[in-house]
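Input: a single structure, listed below in structure tokens.
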Amino acid sequence: MISHDYLSELFSLDGRVAVVTGGSSGIGRAIAGALARAGASVVIVARKEPELAATADELAADGCRAAWVSADLSTRDGVRAAAEHAAEVFGEPDILVNSAGINLRPPMGELGEDVWDATMAVNLEAPYLLGQRFGPGMAERGFGRIIHITSQQAHRAFVQSGAYGVSKGALESLARSQAEAWSPHGVTCNTLVPGFVMTPLNARLSSDPEKAAALAARTMVGRNGLAEDFAGAAVFLASRASDYVTGQAIFVDGGLSVC
């Protein structure tokens, strides 16, 4: 009983409200499920209604409180509408997870303004706008968690990082700026940095067995990542267990970044 109470005090998300963008697939879906099963009421924000509904229904079947909002995060108006609709469901969030992203990586010489603008809008501007909407309220209430999902490309260039790598590097800088502004008021802001994860976002590489095997061989654990590998790290960063962790980039990559 003592150990159960101790762990609950550290990691329980009972009574918390979370908004997870990109929460209907891949890493975002796994994180939404982890936060919900840890006790949070979770609002999933993404584009495709069938995937959103399926994710929320699965969580509800497990006894979780989950809802969804279909939104276009590629425009400022779409982001603002999504934020307001998400806050209407269970109330203002205590936890914001920015997992939605697009992965367009043409060769640098062919990188056009359309790809640049689309990438920055979804991968960087949407997290910024959502942070501006929810961060001050978290600070006023004295508790908040902002978690961004970034990439190895935020730290090193490979496999045509292009605009994608720039957006993820900037997102880590955004987390540090948010931490500087709001951590004195109980709001921690961190990033989770995946290695190569077998998700739909990485279908271009994961569908090639030879390339996927080569990437797995570059890790210390000998395999590529799975979406569920992020569950524990996300619950840690969302809970009181991480009160003194802020402005950090936490690698969940099987050791890929240090090989």
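The values are calculated or read from the model by the stated rules, or taken from the named source; none is laboratory data. Quick caveat: nothing in here was measured; it's all calculated off a predicted structure. Counting neighbours? That spans all protein chains shown, and the Cβs are built from the backbone with ideal geometry, glycine included. Surface areas here come from the heavy atoms of the whole protein model, side chains and all, with no ligands, DNA or RNA. Shrake-Rupley method; radii C 1.70, N 1.55, O 1.52, S 1.80 Å.
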- Message: Quick check on this structure: which one of Gly28, Gly15 is touching a strand residue (DSSP E or B) at 6+ places or on another chain (Cβ under 6 Å), in contact (Cβ under 8 Å) with a residue 12 or more places away in the chain and closer than 19 Å to Phe134 by Cα?
- Response: Gly28
- Any idea which of (1) open to solvent by less than 70 Å² (accessible area, probe 1.4 Å); (2) touching a strand residue (DSSP E or B) at 6+ places or on another chain (Cβ under 6 Å); (3) under 16 Å from Val20 (Cβ atoms); (4) in a helix (DSSP H, G or I) is the one His85 doesn't satisfy? (1)
- Query: Which ones in segment 156-180 are farther than 18 Å from Leu237 by Cα, open to solvent by 50 Å² or more (accessible area, probe 1.4 Å) and either in a helix (DSSP H, G or I) or of a type in the set (D, E, K, R) (or both)?
  - Reply: Arg156, Val166
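Quick grid of which residues meet (1) surrounded by fewer than 24 Cβ atoms within 10 Å (Cβ to Cβ); (2) within 26 Å of Glu125 (Cβ to Cβ); (3) at pLDDT below 95:
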{"position": "Glu9", "(1), (2), (3)": "yes, no, yes"}
{"position": "Ser12", "(1), (2), (3)": "yes, no, no"}
{"position": "Val19", "(1), (2), (3)": "no, yes, no"}
{"position": "Gly23", "(1), (2), (3)": "no, yes, no"}
{"position": "Ala30", "(1), (2), (3)": "yes, yes, no"}
{"position": "Gly33", "(1), (2), (3)": "no, no, no"}
{"position": "Lys48", "(1), (2), (3)": "yes, yes, no"}
{"position": "Ala54", "(1), (2), (3)": "yes, no, no"}
- Note on the structure: Output for Cβ contacts, cut-off 7 Å, separation at least six or different chains, first residue over 15 Å from Glu125 (Cα atoms) in segment 60-77, second open to solvent by 60 Å² or more (accessible area, probe 1.4 Å) and in a loop (DSSP other than H, G, I, E, B), reads Ser70/Arg47
- Query: Somewhere in segment 121-129, is a residue among the polar types (S, T, N, Q), buried (at least 22 other Cβ atoms within 10 Å of the Cβ) and closer than 27 Å to Ala181 by Cα?
  - Reply: yes
- Considering residues that are open to solvent by less than 60 Å² (accessible area, probe 1.4 Å), at pLDDT 95 or above and not small (Gly, Ala, Ser), the number found within segment 220-233 is 2
